[in-house]
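Worksheet: the structure to be examined is printed underneath.
The values are calculated or read from the model by the stated rules, or taken from the named source; none is laboratory data. In this text, all values refer to a predicted model and were calculated from it rather than measured experimentally. Cβ placement follows ideal geometry from the backbone for every residue including glycine, while neighbour counts extend to all protein chains displayed.
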Amino acid sequence: MATMAQTWQTKMVRSGQLAQRARRVLPDGVASPVRGGRAFHPYPFYTTRAEGAYLFDEDGNRYVDTVMAFGPVILGHAHPEVTRAVQEQATRGLIYGTCTALELEVAEAVQQMVPTAEMVRFTPSGTEATLHVLRLARGFTGKPKVLKFEGHYHGNHDGVLVSVSPPLDAVGSEQAPVRVPVGSGIPEEHYVHTLVAVWNDLEQAERVIRRHRHELAAVITEPVMANKGFIPPEPGYLQALERICRENDVLFVLDEVITGFRMAPGGAQEVYGLRPDLSTFAKAMANGAPIGAFVGRRDIMQLLEGGRVRHAGTYNANPLCLAAAKATLDVLRRDGGEVYRTLDRLGARLRAGLQELAGRLDVPVLVQGEGSMLQLYVTRRGRIRTYREAAGTRRDLFSEFAHRMMLRGVFVHPDNFEHWFLSAAHTEREVDAVLEAAEDVLREMKREGRFDAVE
C-alpha cells in the first residue's frame, strides 16, 4: 500500500494540496463523508469537470466514471439537453416562490412513467422525500410505528438512521436484530417507533408485521439493497411483502430514491410488478440536479391538502431543478425507453465480463447487479443475500482494488457499500476499458497474494 500511496501522491499533487486546505475549513475535509479521506487513501482526488462517461481531476487525470455521482447521472455528465434546459431556466430566474407550469409538466411526466403516482409532491432531496412520506403514512393510518430493514438507508433523518451499517458485533441475532443508531446525537426517543428486521427473511418480516399490525403505519423498503453494494430481493420476496402489508392494513412504501427512473421508466416497481401505496424518488429523475419526490395513492396524498399532514419548503419544486428533471425525463421516455435497453445491455456485458475475469483468474470475486447497476464483492460466497453477509466480505481488499483501478484511470468508489452505475454516455469502449483495467488489477493482486486469506 505504501507504493500505491506514493504513486497516488505523484499523480495527484494538486488534489493533495486542496485536501490539506479542505481539512482546515471542512470537517474531515469534505461535505459528505463518502467523499473524504476515510474512504480515499491518502486523500481524495478533486474533480474540475465531467463530460459524458468521464471525470477530469485537478491534475489533468481522466477517469472512466463508474460512480456517476452515486447514481443520479443516468444520461451522462453535462448532457446537452439537460444543460441547455438549465441554462435557459437560469436566465429566467433561479427561484420564484410561486407556482410554475414546470411543476405540472414534471408531475405529469412522473405520472405517465410511474402508474402508482396518482399524485405527486416535490422535495429538494431523497432524504426529505422519505421523511415526508413516513409522516404522511403515520398521518393517514393514525399509527406511530414504521418497519425498516437492516442495512437499508432511507436518508439522514433520525427515525430511519437505525441499523444502516451497524458493527457486526452489535447487531444481535438474525432472529432478534438490535436497533443500532448511526452515530451519536440520535436520542432513543427519536427511533422508539422504528422496528428493524433482516431483509430477505420473509418469515421474520411477516412475524413482525402481524405482531405490530395495530400500531404499524408502514413498512419501508428499498426494492434492491442498493446502499450495501447490490443485494437483490429473493424471488417473490417483495411481492409477498406487499401482500402481507395489505392483509394487515399496513402501508407498503417503496424507497426508489436510487432505483427510480434508473432500473426502468417506472422504476423497480415496474421491474418487479409492485403496486406500493407510496413511493419516493430522487437521484436519476434530473440527471444530477438536486430534486426528489414522493408519490402515491390519491386518498393518501390528499391528506397534504390544507396542511392536515405538514409538507412545505422554500426549495420544493425549484424551477431550475424542474427544468433539469423535465429534460431528463423527456430523454428517458424517448423512443419507447430505448435508453434503458442500451443501459441493460452494457450493464449485463460489464457484469458478465467481471465475473468471467474472476473465474478465469481464479480470484474470490462475486458480481451482483441488474440493469445499469452492479457491485463486486471480495468473497468466496456464491451469493450475498443480507447486510450481514455483505459486511462479512473483504471490504479492505475491495478498497485496495478500487484504488488500483483509479490509478489506471477508472473511478471505482473504494467503499463497496456503494456501487457501480453506468450511464447512457457509456459505450462498449468504456466497458472494454473498465474490463482491461480490472484484469490488470486482479492479476496484480493475485500475484502479490492479496487474495490468499479470503474465506
Just to be sure I understand the filter: pairs with C-beta atoms under 8 Å, separated by 6 or more residues or on different chains, first member in the range 56-70 and at negative phi, second member among the aromatic types (Phe, Trp, Tyr) and surrounded by fewer than 21 Cβ atoms within 10 Å (Cβ to Cβ). Which pairs pass? 57/46; 58/46; 62/54; 62/56; 63/54; 63/56; 64/54; 65/54
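Just for the range 88-106: of the residues that are aliphatic (A, V, I, L, M) and free of Cβ contacts under 8 Å to residues at least 24 places away in the same chain, which one is nearest to residue 284 (Cα to Cα)?
104
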Confirm whether residue 352 is in a loop (DSSP other than H, G, I, E, B) and at pLDDT 95 or above. no
Kindly establish whether residue 312 is within 29 Å of residue 137 (Cβ to Cβ) and either buried (at least 20 other Cβ atoms within 10 Å of the Cβ) or in contact with a Leu (Cβ under 7 Å, 6 or more places away or on another chain) (or both). no
Checklist (1) in contact with a Cys (Cβ under 9 Å, 6 or more places away or on another chain); (2) at pLDDT below 95 applied to residue 291, failing item: (2)
Which one of the conditions (1) surrounded by fewer than 20 Cβ atoms within 10 Å (Cβ to Cβ); (2) in contact with a strand residue (DSSP E or B) (Cβ under 8 Å, 6 or more places away or on another chain) does residue 157 fail to meet, given that it meets all the rest? (2)
I need the full set of residues from the range 440-454 which are without any contact (Cβ under 8 Å) to a residue 12 or more places away in the chain and of a type in the set (A, V, I, L, M, F, W, C), in order please. 453
Out of all the residues in the range 292-306, which are assigned to a helix (DSSP H, G or I) and either closer than 12 Å to residue 120 by Cβ or not assigned by TED's automatic domain parsing to the domain that holds residue 106 (or both)? 298, 301, 304
Just one of (1) at pLDDT below 95; (2) surrounded by 14 or more Cβ atoms within 10 Å (Cβ to Cβ) trips up residue 31, so point out which. (2)
Of 345, 334, 310, which residue is touching a residue at least 40 places away in the same chain (Cβ under 8 Å), basic (Lys, Arg) and either closer than 26 Å to residue 67 by Cα or assigned by TED's automatic domain parsing to the domain that holds residue 225 (or both)? 310
Can you name the residue in the range 372-390 that is of a type outside the set (S, T, N, Q) and crowded, with 22+ Cβ neighbours inside 10 Å and is also nearest to residue 270 (Cα to Cα) among such residues? 373
Considering only the range 286-309, state which residues are crowded, with 20+ Cβ neighbours inside 10 Å and touching a strand residue (DSSP E or B) at 6+ places or on another chain (Cβ under 7 Å). 291, 292, 293, 294, 295, 296, 300, 301
How many residues, within the range 177-193, are in contact with a Leu (Cβ under 7 Å, 6 or more places away or on another chain) and within 9 Å of residue 163 (Cβ to Cβ)? 2
Which condition from (1) buried (at least 20 other Cβ atoms within 10 Å of the Cβ); (2) part of a loop (DSSP other than H, G, I, E, B); (3) in contact (Cβ under 8 Å) with a residue 40 or more places away in the chain is the one that residue 393 breaks? (3)
Determine which member of the set 423, 399 is touching a residue at least 24 places away in the same chain (Cβ under 8 Å), farther than 18 Å from residue 352 by Cα and not assigned by TED's automatic domain parsing to the domain that holds residue 263. 399
Look at the range 1-42 and say how many of its residues are aliphatic (A, V, I, L, M) and closer than 25 Å to residue 153 by Cα. 5
With the first residue restricted to the range 134-161 and required to be closer than 24 Å to residue 419 by Cα, and the second required to be of a type in the set (Phe, Trp, Tyr) and surrounded by fewer than 20 Cβ atoms within 10 Å (Cβ to Cβ), Cβ contacts under 9 Å at 6 or more apart or on different chains are none
Among helices (runs of 4 or more DSSP H) completely within the range 201-279, the ones holding 1 or more residues that are surrounded by fewer than 23 Cβ atoms within 10 Å (Cβ to Cβ), within 23 Å of the chain's Cα centre (by Cα) and acidic (Asp, Glu) are 237-247, 267-272
